[in-house]
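What follows is calculated from the coordinates using simple rules that are stated; it is not laboratory data. Every value quoted in this text rests on a predicted model; they were computed, and no experiment measured them. Neighbour counts run over all protein chains shown; Cβ positions are idealised from the backbone, glycine included.
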Amino acid sequence: MRIGFGSDHAGYVLKDRLKAWALSQHHEVVDFGTEGPASVDYPDIAHRAVEGRDKWDKLVLVCGSGIGISIAANRHADIRCALVTSPEHADLARQHNDANAIAFGQRLTDPLQAEYYLKIFLSTPFEGGRHQGRVEKIELA
């Protein structure tokens, strides 16, 4: 699977750890930045990563809380980014919402838990069925 990664300065440590985990699982990775502690704006990273949609199958975004970067990503058509804080969130984001992006807050998420949530997210299929129509209703325009 091709996985895109993006973070602001408050999330790059967790982003790099999750990238290393993805590589250890034999996934391809594409990094949309950032690479260090110099301040960058999370919307810029989210927009860059989403605009690179043809380069990834799933997207991982990280900022300090996970909130801002997920909101920015969700402004784009066909992006369903779930802020995940539990295994159940990771599972249901895929099963019921066909999420194609996941967001984490580096300040709020234990790195081992984030790896576990990402594993669940990547391995859980969309159930379709009654959920398909609901997912279609998400797109307003």
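Miscellaneous remarks
- Built amide H within the under 5 Å cut-off of Leu59, gap 5+: Gly4, Ala101, Ile102
- With coordinates expressed along the principal axes, the C-alpha atoms belonging to the chain extend over 44, 31, 27 Å, beginning with the largest.
- Distance (nanometres) between label positions extended 7 Å along Cα→Cβ at Arg17 and Leu112: 1.0 nm
- Exposure proxy ranking for Glu139, Glu35, based on other Cβ atoms within 10 angstrom of each Cβ and starting from the fewest, stands as Glu139, Glu35.
- Under the criterion of Cα pairs below 8 Å and six or more residues apart, the relative contact order for the chain equals 24 percent.
- For Lys19, the lysines whose Cα comes closer than 22 Å to its Cα, not counting residues fewer than 8 places off in the same chain, are Lys55, Lys58, Lys119.
- Ordered by the count of other Cβ atoms within 10 Å of each Cβ, fewest first, Lys119, Lys15, Lys58, Lys137 give Lys137, Lys119, Lys58, Lys15.
- Annotation: the residues Ile71, Ile45, Ile102, Ile138, sorted from fewest to most other C-beta atoms within 10 Å of their own C-beta, follow the order Ile138, Ile71, Ile45, Ile102.
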